[in-house]
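Heads up, the thing below is written out as structure tokens.
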Amino acid sequence: MNTLILLLATGVGTQPVPTPLQCATPTAAKGDIKGGPPLIHTFDLVNSGPGTLRITKVEAGCGCLRQVLTAKVLQQGEAAKLTIEVNTLTQPDGPNRWQIVVGYQTEAPGVPLQTGEQLLQITANLSREVTVNPPQLGFSTSGVASHALTVTDTRAKPLTVTKAGASSPHLAVEVGQREAGKGQTVTVKLNADAPAGHSDEIVTLLTDDPAYPELRVPVRVLKRAAGAVTATPDTVAVRFAAGQSEVSTLVQLRAADGKPVGIVAAESDHPSVTVKWSPGVGAVAVVRVTVTETAAAQAGSCKVRVKLAEAGGTEVVIPVGWTGVKK
């Protein structure tokens with residue numbers, strides 16, 4: 001009798017309380033797929049609790065292009081669909097795992113407000129026969145700038161990019177001719193009339209191959225006002241080699257008019273990308289950006305924001321991208 005009471009008191013044999021936000025298949029195993037086209041999966045979410053459930057956040061891991069949630073407030077028994085789109089173009093070959101954290105809170109009469117999270121995952125083993133190099137672009141300029149993309153297909157009958165467009169009217173895209181035995185060049189140009197500021201855009205490449213109907217290239221644009229402080233390099237692209245645990249890059253900041261530059265603060269919007277900066281004021285200020293082992297578990301990107309000491313606290317944004325560590 002005493003043993004039974006002790007077991008009940010310590011919780012031995014009790015079942016865990018199920019979370020009110022349920023997903024019948026929280027892990028979507030996609031198996032072997034070809035990298036390039038977007039990978040799209042829809043999760044079915046159900047409120048199995050007694051009260052009202054409100055979805056408060058959807059945090060998708062690196063590589064996610066888009067997320068669509070059909071409803072944020074669910075009554076008991078109601079369902080919502082969460083569609084996640086992964087840009088496989090920027091992800092490394094081999095096994096990949098993309099995690100999505102869905103945060104929620106529940107309200108029921110006579111019960112305190114409760115919060116929780118539901119973890120969702122998409123897994124796939126990527127291989128590729130079509131590549132776009134580089135797989136993502138970054139502009140950081142006070143004027144006109146252009147970048148070239150090279151589309152390469154290793155198959156006997158390679159695809160052809162027939163048309164291309166951009167999500168911003170300030171980006172012009174020109175498709176070059178495909179030459180036998182060579183890749184096809186696509187030129188992306190930032191126009192002079194682009195307003196100052198930061199934006200995340202997409203360049204979409206349409207092809208003549210039904211297996212690869214479109215390829216989507218992320219583009220980060222930072223248009224600076226004339227005479228502003230510039231960063232060199234203006235974007236940080238990190239590639240991990242086998243065995244590397246972290247990689248650091250130095251970024252130099254200079255004023256176009258030669259005035260001294262000082263940094264008040266700098267931070268990354270990714271918790272595993274660290275930033276240090278040089279103290280004082282001088283002709284050149286230096287920022288060290290380090291992508292740590294935690295971030296390198298899979299390919300990703302973030303922004304580093306550098307606040308300058310000049311009047312008004314001008315901010316310089318440095319796009320950062322990295323490949324996953326090859327094991």
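Pairwise Cα distances in segment 107-161 exceed 17 Å for 69 percent of all pairs. Given R0 = 45 Å, the distance between the Cβ atoms of residue 105 and residue 283 translates into a calculated FRET efficiency of 0.30.
So if we plug the beta-carbon distance of residue 292 and residue 150 into 1/(1 + (r/R0)^6) with R0 = 25 Å, what FRET efficiency do we get, rounded to 0.05?
Details: r = 30 Å, r/R0 = 1.22.
Rounded to the nearest 0.05, the efficiency is 0.25.
Can you tell me how much longer the chain between residue 32 and residue 228 gets when fully stretched, taken as 0.36 nm per residue apart minus their C-alpha distance, in nm with one decimal? Before the final figure, lay out each step's value.
Working: separation 196, 0.36 × 196 = 70.56 nm, distance 4.72 nm.
This chain segment gains 65.8 nm when fully extended.
Stretching residue 250 away from residue 269 to a fully extended chain increases their span by 5.1 nm, per 0.36 nm per residue minus the current alpha-carbon distance. Given in Å, the Rg to one decimal and the Dmax to the nearest whole number for the Cα atoms of the chain are 24.0, 85. Loop-located GluC sites (Glu not before Pro) in segment 221-327 (DSSP state not H, G, I, E or B) with no more than 14 neighbouring Cβ atoms inside 10 Å: 293. FRET efficiency for the residue 73 to residue 198 pair, using the beta carbon distance and R₀ = 35 Å, is estimated at 0.65. Annotation for segment 22-40 versus segment 71-117: alpha-carbon center distance of 15 Å. Ignoring lysines fewer than eight residues from residue 157 along the same chain, the ones with Cα atoms less than 27 angstrom from its Cα are 30, 34, 182. Here residue 189 is the anchor, and the aspartates and glutamates within straight C-alpha reach of less than 13 Å, apart from those fewer than 8 places off in the same chain, are 174, 201. Backbone geometry of segment 291-305 corresponds, through the Karplus equation with coefficients 6.51, -1.76 and 1.60 at θ = phi - 60°, to 3J(HN,Hα) couplings of 8, 7, 4, 4, 5, 6, 4, 8, 4, x, 7, 7, 10, 9, 10 Hz, x marking Gly and Pro. Close amide H partners of residue 36, meaning residues 5 or more places away or on another chain with modelled amide H under 5 Å apart, are 88, 89. Shape analysis of segment 227-327 based on the Cα gyration tensor places the equivalent ellipsoid semi-axes at 27, 12, 11 Å, largest first. Of all DSSP-defined beta bridges confined to the chain, some 90% are antiparallel rather than parallel. The aspartates and glutamates within cross-link reach of residue 259, meaning a Cα-to-Cα straight distance under 18 Å and a gap of 8 or more places when in the same chain, are 310, 315. Taking a point 7 Å out from the Cα of residue 48 in the direction of its Cβ, the residues of segment 80-99 whose backbone N falls within less than 19 Å of it are 80-82. Segment 43-60 and segment 250-324 have Cα centres lying 37 Å from one another.
The numbers here are math on the coordinates, done by the rules we state, and not lab data. For clarity, every value in this text was computed on a predicted model and none was experimentally measured. Methodologically, a virtual Cβ is constructed for each residue, glycine included, from the backbone with ideal geometry; neighbour enumeration extends over all protein chains shown.
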